[in-house]
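Remarks on the structure that follows.
The values are calculated or read from the model by the stated rules, or taken from the named source; none is laboratory data. None of the values given here were measured: they were computed from a predicted structure. Here Cβ is always computed from backbone atoms with ideal geometry, including for glycine, and neighbour counts include all displayed protein chains. We work out accessible area using only protein heavy atoms, side chains counted, and drop any ligands, DNA or RNA first. Shrake-Rupley method; radii C 1.70, N 1.55, O 1.52, S 1.80 Å.
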Amino acid sequence: MTIENISCNKSFGGWHKQYRHQSQSLNCEMRFAIYLPPEAVNKPVPVLYWLSGLTCTDENFMQKAGAQRMAAELGMAIVAPDTSPRGDDVPDAADKAYDLGLGAGFYLNATKAPWNRHYKMYDYIVHELPALIEAHFPVTTQRAISGHSMGGHGALVIGLSNPHRYSSISAFSPISNPSNAPWGIKAFSEYLGENREHWRQYDACELLKLAISEVPVLIDQGEADSFLDTQLMPQSLVDIAHTKGYPLDVRMQAGYDHSYYFIASFIEEHLKFHSLYFKA
């Protein structure tokens, strides 16, 4: 597994770096960013994987969220992958829609042509990328996962599906019940086909119903989010968690919307949340 460094910037005593590599899961070249805190010079550090939302790349979170100062203080690495496979040979939505194809991988393994050759983001995030990070950087096998919107969906699905791999999960404005949301229905129909039974493995509500192992979950949702009722529907998760007694904390934040202004306002609390379970 070879990687090529394409940028390097010092930040709060640590380093933000971008790399590209050839992905076996996705059959294309991929890019990711990593922030390494100052502590990583002396010993391996735990890692938070951040999954971004529709239309984003690895740059959105690293440039807008303001996470580096607290990550440096807590001694935590952050890895931000791209949101889909990329390249001239990678299929895109015929109408170049923002919610399908490039920039809209939905963190699943597509089974339907033409998407199934490249759109294996689930395998990339769960297996290939951590193996690459752990082979090339001074990090431990302690992992947490977080994300925003489509990436919040990905963080919940991947974390709940792999409780042995992640010590904690968090999300901002996640697509909580994609099987019943327009974004999810469109993407799942294209990537997975019309059989809704195949959708259940990528729906956080369905996974929470079946969860046996408990991974602590923190969700922040803006009450002024224009997508709240139509696309995100966090109350569905709350109801299931309440019935099961699952450790899910959903915080409704008055006045906040779907933007990175919202994420930047609470990202330090999320990093502290994950650090608590890294230490545990």
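Some values worked out for this structure:
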quantity	calculated
Every pair of residues 6+ apart whose Cβ atoms lie under 8 Å, when the first sits in region 122-139 and is touching a residue at least 60 places away in the same chain (Cβ under 8 Å) and farther than 20 Å from residue 202 by Cα while the second is open to solvent by less than 30 Å² (accessible area, probe 1.4 Å) and in a helix (DSSP H, G or I)	137/40; 138/40; 139/40; 139/133
Hits in region 1-39 (condition: more than 18 Å from residue 129 (Cα to Cα), outside any strand (DSSP E or B) and either open to solvent by less than 10 Å² (accessible area, probe 1.4 Å) or in contact with a helix residue (DSSP H, G or I) (Cβ under 7 Å, 6 or more places away or on another chain) (or both))	12, 13, 37, 38
Residue in region 147-169 that is over 17 Å from the mean Cα position of the chain (by Cα), buried (at least 17 other Cβ atoms within 10 Å of the Cβ) and either at pLDDT below 95 or at negative phi (or both) present	no
Hits in region 91-127 - residues which are within 25 Å of residue 177 (Cβ to Cβ) and either modelled with pLDDT under 95 or open to solvent by 50 Å² or more (accessible area, probe 1.4 Å) (or both)	98, 102, 111, 112, 116, 120, 123
Matching residues, region 239-260, being surrounded by 17 or more Cβ atoms within 10 Å (Cβ to Cβ) and either under 20 Å from the mean Cα position of the chain (by Cα) or small (Gly, Ala, Ser) (or both)	241, 248, 250, 258, 260
Residue within region 57-70 that is among the charged types (D, E, K, R) and in contact with a helix residue (DSSP H, G or I) (Cβ under 7 Å, 6 or more places away or on another chain) present	yes
